[in-house]
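Chemist: Take this structure first; my questions come after.
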């Protein structure tokens, strides 16, 4: 029987904490992607005339841009990438008859590096947003995620409502370039947003009481509050937003997008996505591999 997060043992939670708090340097069986020097979100990306499906089949591999965020993508104890998005990418590649090749990247560099041709597709819990749609072609959504807030008991233990957090003197940590950053800016315009490039640094500062609060996608903040109940609390505030996640590919090749949409429909119909969501988001059975 699958265990719900509320019934997870402390031993499992401690294992998960190693991935949430400690940044890993392991890169075995992955291909690191160097960050682009120029941000691509300033202008509309050029359209591609390349037949990506043909190129992928010809090369025998699907090059996937991923962001290392627990439990979407993370390293196991042997240095291999695992996670919900890793399963999705491998299943997509297998159905295409090719192998998945992973390119871990900072979230803010995913679009520039996709546009530069360093990989073929972004599979990283990437939310559909209007400004991103100027730069990439999105597939249909294949997942949805809540964005929530957690407070430091040291600095924000008495804050219970949106208005409580939306004040001068409140510092809220977010990962740069994510939907969480956008939603936090809308919900808390009077607070100071402290941006991070690594979620391990964000969670470390929250636990250490260096931030009033943090905004991130679920279920990570809930796990953190269970691990450190004396340091972190999750107020009973409705999610700041629920966003649809989709594949992102270079603009112009609608045949690739049409295939991805068909693949999503097929894997939704046979409940494959449901089984992966239950495993990665409703249980912690995967923690033993970390």
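What follows draws every value from the coordinates through simple rules; no lab data is involved. All values derive from a computational prediction rather than experimental measurement. Here Cβ is always computed from backbone atoms with ideal geometry, including for glycine, and neighbour counts include all displayed protein chains.
Chemist: Ordered by packing density, taken as the mean number of other Cβ atoms within 10 Å over each peptide's residues, highest first, how do 121-130, 62-71, 141-150, 221-230 rank?
Modeler: Packing proxy ranking, top to bottom: 62-71, 121-130, 141-150, 221-230.
Chemist: OK, next. Mind sorting 88, 232 by how few other Cβ atoms lie within 10 Å of their own Cβ, fewest first?
Modeler: 232, 88
Chemist: With each label point set 7 Å from Cα along the Cα-Cβ vector, what nm distance links residue 269 and residue 194?
Modeler: A separation of 5.0 nm, rounded to one decimal place.
Chemist: Also: Do you know the relative contact order of region 68-111, to the nearest whole percent, from alpha carbon pairs under 8 angstrom that are 6+ apart? Display every interim value, and only then the final one.
Modeler: Numbers: 30 pairs, mean separation 12.3, N = 44.
The value is 28 percent.
Chemist: Next question. List the relative contact order of region 178-290 as a percent without decimals, with contacts defined as Cα pairs under 8 Å and 6+ residues apart.
Modeler: Over region 178-290, the number comes to 18 percent.
Chemist: Right, another one. Determine the distance separating the Cα centre of region 218-260 from the Cα centre of region 138-201; give it in Å without decimals.
Modeler: Spelled out, the Cα-based centre of one part sits 12 Å from the other.
Chemist: Next question. Exposure proxy check: 171, 179 ranked by fewest other beta carbons within 10 Å?
Modeler: 171, 179
Chemist: Another question, then. Sticking with the crude label model, points 7 Å out along Cα→Cβ, report the distance from residue 236 to residue 129 in nm, one decimal please.
Modeler: So the two model labels end up 3.1 nm from each other.
Chemist: Provide, for q = 0.13, 0.19, 0.20, 0.25 Å⁻¹, the log10 of I(q)/I(0) from a solvent-free Debye sum over equal Cα point scatterers in region 146-242.
Modeler: Debye curve over Cα of region 146-242, log10 I(q)/I(0) at q = 0.13, 0.19, 0.20, 0.25 Å⁻¹: -0.34, -0.77, -0.87, -1.50.
Chemist: Within region 180-211, find all residues whose amide N lies under 18 Å from a label point positioned 7 Å from the Cα of residue 166 along Cα-to-beta-carbon.
Modeler: Taking a point 7 Å out along Cα→Cβ of residue 166, the residues of region 180-211 whose backbone N falls under 18 Å are 180-194.
Chemist: Stretched out fully, how many nm does the piece from residue 49 to residue 158 gain, at 0.36 nm a residue minus the Cα gap? Spell out each step's value before the answer.
Modeler: Numbers: separation 109, 0.36 × 109 = 39.24 nm, distance 5.54 nm.
That works out to 33.7 nm of additional length.
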